[in-house]
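Take a look at the structure below.
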Amino acid sequence: MANVKITLAKSLNGRLAKHKATAEALGLKKIGDTTVQPDNEATRGKIALIGYLLNVTEEK
């Protein structure tokens, strides 16, 4: 099963509460925080919502 490596690249300050909550659900709190998540529909939906704050790379 493939995984996705997600890094928070931009600050959460001044963002919509929903976007902050989505970042926290992914385990991202500060700039530079990185998490590895399964590549599934739920994760892709979260990435689609706050993709402008993230750097995303595919892992095998």
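Conditions first: (1) over 9 Å from the mean Cα position of the chain (by Cα); (2) open to solvent by 60 Å² or more (accessible area, probe 1.4 Å). Residue 19 passes all but one, so which condition is the exception?
(2)
Does the range 42-58 contain at least one residue that is at pLDDT below 95, open to solvent by less than 80 Å² (accessible area, probe 1.4 Å) and out of contact with any His (no Cβ under 8 Å at 6 or more places or on another chain)?
There is no residue in the range 42-58 that is at pLDDT below 95, open to solvent by less than 80 Å² (accessible area, probe 1.4 Å) and out of contact with any His (no Cβ under 8 Å at 6 or more places or on another chain).
Could you tell me which of the residues 32, 14 is open to solvent by 70 Å² or more (accessible area, probe 1.4 Å), at positive phi and over 10 Å from the mean Cα position of the chain (by Cα)?
Answer to the selection: 14.
Of the numbered conditions (1) open to solvent by less than 50 Å² (accessible area, probe 1.4 Å); (2) part of a loop (DSSP other than H, G, I, E, B); (3) among the aliphatic types (A, V, I, L, M), residue 1 satisfies every one except a single condition; which is it?
For residue 1, the failing item is (1).
The values are calculated or read from the model by the stated rules, or taken from the named source; none is laboratory data. Quick caveat, the model's predicted, so the values are computed rather than measured. Backbone-built Cβ (ideal geometry, glycine too); neighbour counts: all protein chains shown. Calculation scope for accessible area: heavy atoms of the full protein, side chains included, ligands and nucleic acids excluded. Shrake-Rupley method; radii C 1.70, N 1.55, O 1.52, S 1.80 Å.
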